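Working notes, beginning with the structure itself.
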Amino acid sequence: MTTDDSRYQQTYARSMQDPEGFWREAALGIDWIAPPRSVFDADHGVYGRWFTGGLCNVCHNAVDRHVDAGRGNQPAIFYDSPVTGAKRTVTYSELQAEVRTLGAMLRDLGVEKGDRVVIYMPMIPEAVFAMLACARIGAVHSVVFGGFAAAELASRIEDARPKVILSASCGIEPSRVVAYKPLLDLALTMVSHQPEACLVFQRPELAASLKPGRDHDWAQARSHAASAGRGADCAAMGATEPLYILYTSGTTGKPKGVVRDTAGYMVALRWSMDGLYGVAPGEVFWSASDIGWVVGHSYIVYAPLLTGCTTVLYEGKPVGTPDAGAFWRVIEEYKVSALFTAPTALRAIKKEDPDGRLIGDYDLSSLRTLFLAGERADPDTVVWAEQKLGVPVVDHWWQTETGWAIAGNPVGLGWLPVKVGSTGVPMPGYDVRILDEGGHPVAANKMGSIAIKLPLPPGCLPTLWQQDERFRESYLVDFPGYYKTADAGFQDENGNLFIMGRTDDIINVAGHRLSTGGMEEVLASHPDVAECAVIGMHDALKGEVPCGFVVLKSGVERAPDEIEREIVALVRDQIGPVAAFRLAITVARLPKTRSGKILRGTMKKIADAESWNMPATIDDPATLDEIAQALTARGLVKLPQGA
């Protein structure tokens, strides 16, 4: 479909003019045990709830109905683990058998509908089985990213109060084995709430010791249930009952448990696979993320399986497992139609293979589209990917809280003109507005706070776990009648959204509100720069001044100070003297979370000589020391203030 016959405008307009009719029609894409009494009930919940009164089951829709329709022999999961050398194909029939059995195992451990189950596991098929088994029996799962340390795991256990914890003996990194069980044991010494049982999957790379009476061996429990022919059927779940809790960091230190409901999430995800991603049943969809993050929940597990696709479960990295051609090998081997990854992954590949030579070693003819999300995609990286891969690159924007994209380029409805640097147009159901500090709409192309007019569409969080008031205070109070995204940006005259960073990333230079994202675009356009980050540093005269950190591409032999001078001149030319950009610092790498997000907030605290705590999600703590050392070498800070 071409841009000339895109159905986007009429589809989006209908979702605004007749939201109940739009989502009633979309709800036909899932199986219901009993249809909802109302599509939207404005008097239910904090701001209203979708599909009240309906009964359904996520696991039935993601697994059983495909088997019933004769697709049982189709692969549901391609598991590929370059860090262990393991590969496995799980068909829909095999997935159904595994999930039925695990559901019975959970029931044997006392798990009932509404109970919480914490899943602390690596990227292995059993983690997907665990999520689906919880959905099958009506338990509320809370996946905790496998790399989290004990204190972070403990805070989530304390809040969710799980009856059972599902874990594994270890996770595998390219250079090390991470023992999970000692972290779990330590976390349980830090909480008042104790689970009734822990079910542990023993990986061959490391055996975990089990505590008698509390810990159970996964393989033994599975063998016992399977040999007895035991399996769990799908429970009838209320449409507004919770499917899962996914924790995101809170400013108070206590994590915020984002609640995802049952029916609205299914309806939104199923629509998105057709309307946004343009992927059909039977095709291979790969989201190169982790099940511990929202992208993994939505687009490794639920959306592809709800659609009848084959999903790729990849336990590896974009580089180093074994090289910068890792992604291309997976695409060729499994005939991937659409890849969804973070801009950070592409920048890592581009840094190692700037000319894209490894791309030519693989047959990528199956790949139609590359989708980017997770953090801002700089235009230089987008253009590089389009040129080297020869496929359209779609940057789209969403949040843990929303569960699916707020904005994108709707491939399934027909392409719209691509504007590099934009995350596309609002998806159906999202009434996006750009507001000033007083909550008033601003003109096109003017920077402001991005907000979404209530109600949020299906799939978005209805509240925080057992914290309705905190939900209101965090998201609904600043702009009454709107959900505050805490992102800043602008919308052009054609409705394209430009996300310039978190509202905290808008810096005030001598009274001028400037976007660090806009400056990062300029830095990334320099031919020798692989990736970059710009922060606002405290300045006694101007309030704040920008400081840019750059990582150079592999093989660059020019002097860093020469490149830094060119970067300063670029910003002056393209943004102007108003930016007061005079400081570019070359570093070997940037501090990031394990999901690839750059830790700009912590970098700013280091630069401002403020106290800071080690982020729980950091990939390598040494990177923050390197930032402090780089700033100290320039005479900008005296001592790193880390705690």
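Using square roots of five times the C-alpha gyration tensor eigenvalues, list the equivalent-ellipsoid semi-axes of the chain in whole Å, biggest first. Write out the running numbers ahead of the final one.
On the way: eigenvalues 286, 166, 128 Å².
Value: 38, 29, 25 Å, ordered largest first.
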So, in Å, what gap is there between the alpha-carbon centers of region 393-436 and region 69-84?
30 Å
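Would you calculate, for the chain, the mean residue ellipticity at 222 nm contributed by helices, counting each DSSP H stretch of 4 or more residues as -39,500 (n - 2.57) and dividing by all residues, to the nearest 500? Before the final figure, lay out the partial values.
Numbers: 18 runs with 178 residues, N = 643.
Taken over the chain, the calculation gives -8000 deg cm²/dmol.
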Can you list the HN-Hα couplings for region 563-569, worked out from phi with the Karplus curve (6.51, -1.76, 1.60; θ = phi - 60°), rounded to whole Hz and with x for Gly and Pro?
5, 4, 5, 5, 5, 4, 5
Using only Cα atoms and rounding to the nearest 10 degrees, what angle (0 to 90) does helix 218-227 make with the longest principal axis of the chain?
30 degrees
Tell me the relative contact order for region 1-125 as a rounded percent, counting alpha carbon contacts under 8 Å between residues six or more apart.
14 percent
Please give the helix 343-352 orientation as an angle from the longest Cα principal axis of the chain, in degrees from 0 to 90, rounded to the nearest 10.
60 degrees
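Would you please put 301-310, 592-601, 554-563 in order of how densely packed they are, using the mean number of other Cβ atoms within 10 angstrom per residue and starting with the highest? Working shown, then result.
On the way: 301-310: 25.5, 592-601: 19.9, 554-563: 11.7.
Listed from highest to lowest mean packing, they are 301-310, 592-601, 554-563.
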Sorting check: for 196-204, 435-443, 176-184, which peptide has the highest mean count of neighbouring beta carbons within 10 Å, and how do the rest follow?
196-204, 176-184, 435-443
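Read the figures in this text as sums done on the coordinates, not as results from a lab. These numbers come from a predicted model, not from an experiment. All Cβ positions, even for glycine, are placed from backbone atoms using ideal geometry, and neighbour counts span all protein chains on display.
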